[in-house]
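Report on one structure; see the data block that follows.
Read-outs throughout are calculated quantities, based only on the coordinates presented, and are distinct from any laboratory measurement. Note that the structure is a prediction, hence the values are computed from the model and not measured. Here the Cβ positions follow ideal geometry from the backbone for every residue, glycine too, while neighbour counts run over all protein chains shown.
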Amino acid sequence: MGRTSGASRFGSQEQQQVPRFAERYDIVRLLKEGSGVTTYLAVDSVTAEKVVLKTCATETLPVGAQARFVNETHVLRELSGLGVCSLHDAGQTDGHLFLAQVYVPGETLEVVLRAGPLSAPKVISIGLALASALDLAHSAGVTHRDVKPANVIVNPADAGGEYASVTLIDFGLARSPWLDESIRDEPVGTARYLSPEAAGLLPGEADERSDLYALGVVLFESLTGHPPFQGATVGELLRHHLSTPVPELTGAREPIPTALAALVQRLLRKDPNERYQSAAAVATDLAQIQAAMRAGDCDPAVVIGRHDHRITLTDPEFVGREAELASLTSTAAGLQAGHGGIVLVESESGGGKTRLLAEVAVRAGEAGVAVLCGQGVALGGQRPFALLHGVVEDLLAELKADHPWREALAGELTDVAPSIVLAFPALAPLLGCPPDPDAGSQQFGELRSLAGIRRLFDALADPVRPTLIILDDCQWADALTVRLLTELYADPVHAPRNLGVIAAFRPEEVPADHPLRRVRAMQRMHLGPLTPRAIALLAESMAGQLPPDAIATVARLADGNPFMAAAVLRGLAEAQAI
């Protein structure tokens, strides 16, 4: 353990102004105590340096806790680099083990986050430092196992909005080659930051990728001001970690760069094989995002995961449709100013329209636009308005949290409520009426419903609450839904100004004389093949670094189709060709 002394633990108050430990360390104040370990801020009387001094009594401390204390000393001896608090001294004196670490000025991230979420540059500087520290630890065979805001020290931000220094502390729960095998695999860590496998909820060993999951939770909390999952009990919280989808990054102070959001989402994948596989890859991607933002790009097009070293494939990232995404996002942003209208998007099967629409929904939501989504169903085209059932479900979810909007909408639609409920019975509680049993013939009832739904769409949006309706797979829309889209914006004077519609379809299933092609559109967008470069980026987002011949094979066989690119890559992996 280092030097040994027979001196008493503290000198007497008569001999010195402050207590002294091991005849060397002058105690300044108590920092914390628990689990048999006491931590002080102290000053080394030999070097005059401030240190964090941890001590424990060998007689009262359980054998397992002593083993962890000794293990922490070994770990700190091995680790030395940016982002890690280095060991200053260690030893044993008068029945006490102790270790002293260099004092790191600043505040814990836990304290900082009490004031609310942080800016993207600050979060990136935190993530980059922590990923680099974890890379250093993992390279030495050390898993931290307790990455959380309370174990992160940050220094005040510099003029560029980034933290001057970020340090990962407290390796007391670390798993390392020096830790006794009897306690090496015990579940440890704070439940809020515990990966499913570290909590014992998934089969297999919890390894370095559990630290990366915890890092994802820390970054999520830093961006939004709250962790992704919360629960009244530890059991409820762990169930969320295991099975609840990761929520979107909402509540941030400012728009979150797309690449940063994707990076956090990948860190938080339930299956460790789906996450980043190395802290080094996380640090590389964060460094690229940081460099681009420093150069003035607020939303850099960094494809995450390209530099990872994977043994399994993961889902592809959004690649190659940046221009289309920017155009549709601009359309959504213009709804508040009254620039409503319909955009028709066509893409061959597997061309990436569904993924593009999902990205647009996220961006529109970040801009304060209410997003309602519907999707066509094969063989469901004969059911009137089947395409809009998802829109109705999303609308009900939005109204559940907005009672003033709910009341205003119900009041405005009183005269057409029975006709709307005839098409969408789920709206009956909202509109306060049952379906009209005397709707007349089926054709007459459908026409009344068509007029009522037009009124509903007209009433949905206003400048305070702009709304975007996203409809996917419109090639399976029934005739009445297509007629609704045709009539909604047919008269520019009376068309809804704060409502936008994006209707996507497969052109091979919508002939030239189809009524959908006669819809009055403010924009028509065709998703063409991806470039070979985009296909290469997509492949590397799934597999990490690939040999050039593998990339060339994927690009040749995919022929610009992103779905085919992913399928070819999975085929190569299954055939063990890569």
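Quick notes on this one:
- Dimensions of segment 482-526 based on its C-alpha atoms, expressed as ranges along the principal axes with the largest first, amount to 32, 17, 13 Å.
- Pairs from Lys270/Lys353; Lys50/Lys148; Lys32/Lys122; Lys148/Lys400; Lys54/Lys148 whose Cα-Cα separation, in the structure shown, is over 29 Å: Lys148/Lys400
- The chain - percent relative contact order, Cα under 8 Å, separation 6 or more: 11
- Applying D = kT/(6 pi eta Rh) to segment 519-564, where Rh is the Kirkwood radius over alpha-carbon pairs, T corresponds to 4 °C and eta to 1.567 mPa s, the Stokes-Einstein value obtained is 110 µm²/s.
- Tilt relative to the chain, helix 562-574 - C-alpha long axis, 0 to 90 degrees, to 10: 50
- Helix 258-267 and the long axis of the chain differ in direction by around 60°, with both axes built from C-alpha atoms.
- Using the Cα coordinates of segment 199-307, the gyration tensor eigenvalues translate into equivalent-ellipsoid semi-axes of 26, 18, 9 Å, sorted from longest to shortest.
- Working from Cα pairs under 8 Å separated by at least six residues, relative contact order for segment 15-133 is 19 percent.
- If both residues of a DSSP beta bridge must be in the chain, then about 60% of such bridges are antiparallel.
- Per-pair calculated FRET efficiency, R0 = 25 Å: Ala295 and Asp207 via Cβ, rounded to 0.05: 0.10
- For Lys353, net neighbour charge (Lys/Arg +1, Asp/Glu -1) across residues whose Cβ lies under 14 Å away: -4
- Peptides 467-479, 492-504, 227-239 ranked from most to least packed by the mean count of surrounding Cβ atoms within 10 Å: 467-479, 492-504, 227-239.
- The length gained by stretching the chain between Thr108 and Ser45 to full extension, at 0.36 nm per residue less their Cα-Cα distance, is 20.1 nm.
- Segment Thr58-His526, length gained on full extension (0.36 nm per residue, minus Cα span): 161.3 nm
- Dimensions of segment 98-163 along the principal axes, based on C-alpha atoms and rounded to the nearest Å, stand at 34, 26, 20, largest first.
- Length available on full extension from Gln230 to Thr414: 0.36 nm per residue minus the Cα-Cα distance, which gives 62.2 nm.
- Each 5 Å bin from zero holds the following percent of Cα-Cα pairs in segment 378-423: 5, 18, 21, 25, 17, 8, 5, 1.
- Once the convex hull of all Cα atoms in segment 325-377 is built, its volume per residue stands at 86 Å³.
- Ratio of the Cα radius of gyration of the chain to 2.2 N^0.38 Å, where N counts its residues: 1.20
- Each eigenvalue of the Cα gyration tensor of segment 446-544, multiplied by 5 and square-rooted, gives one semi-axis; in descending order these are 32, 18, 12 Å.
- Amide H contacts under 5 Å for Val302: Ala259, restricted to partners 5 or more places along the chain or on a different chain, H placed in the peptide plane at 1.01 Å from N.
- For segment 14-145, alpha-carbon Rg relative to the globular expectation (2.2 N^0.38 Å, N residues): 1.18
- Note on segment 276-391: Cα Rg divided by 2.2 N^0.38 Å, N the number of residues, gives 1.34.
- All-pairs Cα distance distribution in segment 289-351, expressed in whole percent, bin size 5 Å: 3, 12, 15, 17, 17, 16, 12, 5, 2, 1
- With Cα atoms, 0 to 90° folded angle of helix 353-366 axis to the chain main axis: 70
- For His96, residues with placed amide H under 5 Å, excluding near neighbours: Thr58
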